[in-house]
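The values are calculated or read from the model by the stated rules, or taken from the named source; none is laboratory data. This one's a predicted model, so the numbers in the text were calculated from it and none came from an experiment. With ideal geometry, Cβ positions are generated from the backbone for all residues, glycine too; neighbour counts draw on all protein chains shown. Please note that ligands, DNA and RNA were not included when accessible areas were found on the heavy atoms of the full protein model with its side chains. Shrake-Rupley method; radii C 1.70, N 1.55, O 1.52, S 1.80 Å.
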Amino acid sequence: MAKRPWSDVKSEIQTASDRHREAAKDILKDFTATCKAFYEGELDDFLQGLEGGFPLSADVPRLLAHLRDYLLWMSWTGWNMANLAPLVDGDWTPAARDLSKAILAHVGGRLIDDGLDHHLNFKGKKETLLGYIIATGTRLSPSSAGAHSAFVGFCAYEHALRRMRQAGALGLAESIDRYFRRLAIGILRESYGPGRPTSVEYRRLVRRKTSPANMILYRPLLTRMPEKATRPILRVIATLDAHAQLINDFHDQDDDASRGQVNAFLAGLYTPESALEAIVNGLTRAWETTSKCERRVRDALASLIVDAGLISLEKRFLPQGPSASPTGRPGPEQVTRAISAGGRHLQSARLESGPFVIYHSRYSSLSRVSGVESPFLTAMILSTLRRIDYDHESWASTSYQYLSRATREDGSVVGPEVKADPNVDEASLVSSVLQSFGMNLPFEEFAKRVADLPTRHGLFETWIRSTDERLDDLDPCVSVNALRFLHQNGIIPDDVIRGLRQALREEDYQHGTVFYAPPPSLPYLVSTLAPGLRSRIIDDKAWRELALGWLDRARQVGTYDPIGTAMCLSIACSAGVSGLQSRFLLNDLMESQQPHGAWAISPMFRGLLFWGSPELTTVLALEALASWNASF
């Protein structure tokens, strides 16, 4: 028998689905509305239990409100099953009630998956609980935040099982618990199994992970159908599960590569073209097996296929439109648009008189912040924009004028608080920016003054002290900014070169420095030096090895906050690491950009207080994105 053209099969499936929607439209509408109402009640009952366990805090209601919003949105995962409601024997209300509990168990699994795989959002469409925790600046580390998401997911799953048993649905609870145990085995296989599975091992993984997860949702309806209807339904469901996993693998290649997880495309089992062919052939065979089914059963199965998006396969596997990335992942044009949006935010966030505002708090989460205009922050933003050749001088001229007004005749800077002793870091950076802009100030004289300052272990002390009696804080990042300014004026102190070379080797600075909070701060600032100057500190081969080491740390951590992620990506790009190797960092940055173009505030500086700014996070993200685009 000749194989039928896919276009004919697709048309037949669509026609059958349309017929089902028309014939069963009242049942579908009522069943979905009833199930949604039941689910909302189950969700609120679960959240009330969580809220009662927390001490009073203004942060907890906001977190639970986001969790409620996310889990309500995630309930869409159960609505495809509503297509089977017209096949239920008798009253479908008990099936809707059971499905509402099964959806809660299923989305609990989603929270667990978010935590384990560090999903900040659901495929770019909705911020996860984990994404919310990290974006709001909690004191939790990324790994701890992931553990919290997984913990809440287990709580939701256990609550759903308890509610099933309370309602007398003991068989359903036992079945879902059995599926969940099989799912747990699948998760372990995916995490610890072979990185490059054979086709047989891959199919076994699908049966152990994707199929049990989806059967949690199908079970409440299947148990209320005639047995002769369930057999063809199960065959089609198995096909849908296998293909859904393949589609997920296609879109998750970067994340899976960064975490070393099983992926059919990374393992070389499929190309986009062969995956498309496999799914078309599998769906055609599955559809042909339903030819002897009762018409209403076949029509319902057609709607399952259509709602799963499996008759629009070309849109999933092949690029669409002139600017689409061949992989369906962020490409240069999408990155360029993100840079433009971030630049517009910077322009609107600047105060009318020119400065940017920096915020400080006693808490590393930068909650309960106070803001103050800052020459140092303003200089750091302008310096970064200049490095990436971002067209900003037309709107930032008042910012340069602000820096000029903040600079004393001796080259020191009047910061947020008038200090008796000037800050080497701030004064050097502000002077470097103003000199690059062409301001007429005595930069060479100040550079000579900085070069004559005392050093310890080859590093400049932080403050230009009026006496020699007090010990000073030693931070290598200060020397990087000082060296940048000195280099502009033809001065390269050999002892500072040696001091920074040694500092890059020391583990003490792999967790941030005295004043700079992000772990990659020192290598990031070194990456911003002119390549010839940087190579005097560390040769190109060692620099690339260092960059690859920071990529490995980022993978192990799961992700840093946006500033740490941006720094790691900039380091990788400056070392010539391929855009494919660093793409997981790009994805994290693109996913964490907010709708108005900015990135969330993260702590950049520390001392008695923590300091940061959304605009500083944003400009460092723009630098990383521009560097990735150039390297790609």
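Observations
- The condition (being in a loop (DSSP other than H, G, I, E, B) and under 27 Å from Ala341 (Cα atoms)) is satisfied by just one residue among Trp611, Trp628, Trp599: Trp599.
- Looking across Pro86, Pro55, Pro94, one residue alone is modelled with pLDDT under 85 and either at positive phi or out of contact with any Asp or Glu (no Cβ under 7 Å at 6 or more places or on another chain) (or both). It is Pro55.
- Any hit, segment 354-365, residues being more than 25 Å from Thr136 (Cβ to Cβ) and of a type outside the set (Asp, Glu): yes
- If the condition is being in a helix (DSSP H, G or I) and open to solvent by 40 Å² or more (accessible area, probe 1.4 Å), then segment 514-543 contributes Pro531, Gly532, Ser535, Arg536, Asp540, Lys541.
- Given (1) in contact with a Lys or Arg (Cβ under 9 Å, 6 or more places away or on another chain); (2) part of a helix (DSSP H, G or I); (3) open to solvent by 20 Å² or more (accessible area, probe 1.4 Å), number of the condition Gly90 does not satisfy: (2)
- Test: residue in segment 452-471 that is modelled with pLDDT of 90 or more, crowded, with 20+ Cβ neighbours inside 10 Å and either farther than 19 Å from Gly607 by Cβ or among the β-branched types (Val, Ile, Thr) (or both): no
- Selection status of Gly354, open to solvent by less than 20 Å² (accessible area, probe 1.4 Å), farther than 26 Å from Asn423 by Cα, at pLDDT 90 or above and touching a helix residue (DSSP H, G or I) at 6+ places or on another chain (Cβ under 6 Å): no
- Among residues of segment 477-499 that are surrounded by fewer than 17 Cβ atoms within 10 Å (Cβ to Cβ), those with a beta-carbon under 7 Å from a residue that is not in a helix (DSSP H, G or I) at least six positions away or on a different chain give the pairs Asp495/Thr455; Asp495/Gly458; Arg498/Gly458.
- Among the residues of segment 432-440, not a single one is more than 30 Å from Ser370 (Cα to Cα), of a type in the set (Phe, Trp, Tyr) and modelled with pLDDT of 90 or more.
- Pairing residues of segment 371-392 that are under 11 Å from Leu403 (Cα atoms) and free of Cβ contacts under 8 Å to residues at least 12 places away in the same chain with residues that are open to solvent by 50 Å² or more (accessible area, probe 1.4 Å) and of a type outside the set (A, V, I, L, M, F, W, C), at Cβ distances under 9 Å and at least 6 apart in sequence or on separate chains, gives no pairs at all.
- Within segment 385-396, being open to solvent by less than 50 Å² (accessible area, probe 1.4 Å) and in a helix (DSSP H, G or I) holds for Leu385, Trp395, Ala396.
- You will find that of Ala85, Ala37, Ala105, Ala16, the residue that is among the small types (Gly, Ala, Ser), open to solvent by 20 Å² or more (accessible area, probe 1.4 Å) and either free of Cβ contacts under 8 Å to residues at least 12 places away in the same chain or assigned to a helix (DSSP H, G or I) (or both) is Ala37 and no other.
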